[in-house]
1. Is there a quick way to get the dipole size of the chain? I mean about its Cα centre, with the Cβ of Lys and Arg at +1 and of Asp and Glu at -1; what is the value in debye to the nearest 20?
2. Looking only at ILE204, ILE114, ILE155, which one moves most when the chain is put into a Gaussian network model with springs between Cα atoms under 10 Å?
3. For segment 170-287, what does the alpha-carbon gyration tensor say about shape, rounded, prolate or oblate, given a ≥ b ≥ c as the root eigenvalues, a/c under 1.5 as rounded, and a/b over b/c as prolate?
4. Using only DSSP helix segments of four residues or longer, with each worth -39500 (n - 2.57), what per-residue ellipticity at 222 nm results for the chain after dividing by its residue count and rounding to 500?
5. Once you have all Cα-Cα distances for segment 1-99, histogram them in 5 Å bins from zero and send the whole-percent values.
6. If you rank GLU137, GLU97, GLU292 by how much accessible surface each has, with a 1.4 Å probe, what is the order from largest down?
7. Over segment 127-225, what portion of Cα pair distances is larger than 16 Å, expressed as a whole percent?
8. Which residue fluctuates the most in the chain, going by a Gaussian network model with Cα springs under 10 Å, if the choices are GLY31, GLY79, GLY87?
Amino acid sequence: MNMFMAIWDWFAAPFQYPFMQTALGVSAFVGVVCAVLSCYLILKGWALMGDALSHAVLPGVVFAYILGLPFAIGAFVSGLVCAISIGWVKRNTRVKEDAVIGLVFTAFFALGLIVLSRTPSDVHLTHILYGNVLGIEPDDLVQTLIAGTIALLAIAVLRRDLMLFCFDPNHARAIGLNTTFLYYALLALLALTVVAALQAVGVILVIAMLITPGAIGYLLTDRFDRMMALAVGAAVLAAIMGVYLSFYLDASTAGCIVVVQALLFGAAVLLAPKNGVLARARQRRSMRRSQEQLVAGQ
């Protein structure tokens with residue numbers, strides 16, 4: 001009985017503080033939004049694009065601060081400008097897409113760092129880099145919920161078209177889908193999701209939340225619906241466990257969330273039923289036994 005009460009007290013302790021209740025809720029919500037989009041990014045092979053837009057929002061955030069606008073507006077506009085720039089350079093030069101992405105997003109991020117270093121600001125502006133879910137302001141909370149909800153609703157409307165576009169863009173084009181619209185729609189959704197995640201994990205670590213959940217689901221199943229469900233479950237679990245760890249370790253909340261996601265990915269690499277390390281080892285042993293039995297029978 002005493003052990004049960006001790007375990008219950010351990011789980012209940014963070015809920016005594018309103019800021020922890022908010023942090024748990026916001027982290028779980030951001031985890032759901034990022035996980036849903038991450039499945040499309042993994043299917044499309046856009047991990048680097050997610051990295052690009054997550055870093056490219058920085059100058060928009062700083063300029064929004066200077067102009068007295070909401071951070072979300074600056075971040076979204078900056079992300080869209082970066083995406084459009086990548087598309088324009090790709091269409092008008094011989095440079096390959098991965099190189100274009102690397103060039104454009106590093107230029108945007110560097111510009112943001114320069115302006116940030118020259119802009120007198122309070123500590124809240126630097127939280128955009130590292131996240132501050134434990135101290136999220138009411139206005140930022142509203143922006144997070146609005147951006148995340150819009151992204152989820154848009155994905156729900158375009159779900160099937162986006163899935164086909166990510167899986168086989170040539171077939172999508174052949175059956176009459178507007179792949180140019182879907183391309184920029186996916187980029188806009190990516191920018192919105194980055195905006196939603198800024199306050200939780202910041203610019204630097206948001207890429208992990210945009211990629212790792214989808215990668216976990218991809219390893220564990222071949223069905224897209226199951227992949228998304230597993231990705232969402234992994235993201236929410238990592239968010240909750242990360243917030244708990246940060247509370248008891250007095251460590252970075254964003255860092256703890258991302259580390260838990262990485263551990264879950266490591267477990268998926270080992271334990272995935274078809275593509276995991278242990279499953280492949282069992283398959284190799286089974287094949288060797290079959291060959292030995294065949295040789296012995298001859």
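1. 1420 debye
2. ILE114
3. Taking the square roots of the gyration eigenvalues as a ≥ b ≥ c, segment 170-287 is oblate.
4. When only DSSP H runs of four or more count, the value is -29500 deg cm²/dmol.
5. 2, 10, 12, 14, 15, 13, 10, 7, 5, 5, 3, 2, 1, 0, 0
6. Heavy-atom accessible area, descending, gives GLU292, GLU137, GLU97.
7. The calculated P(r) of segment 127-225 puts 64 percent of pairs beyond 16 Å.
8. In this elastic network of the chain, the residue with the biggest mean-square fluctuation among GLY31, GLY79, GLY87 is GLY87.
The values are calculated or read from the model by the stated rules, or taken from the named source; none is laboratory data. Because the structure is a prediction, the values reported are computed rather than measured. Please note: Cβ atoms are built from the backbone with ideal geometry, for glycine as well, and neighbour counts cover all protein chains shown. Remember, those area values only see protein heavy atoms, side chains included, never the ligands or the DNA or RNA. Shrake-Rupley method; radii C 1.70, N 1.55, O 1.52, S 1.80 Å.
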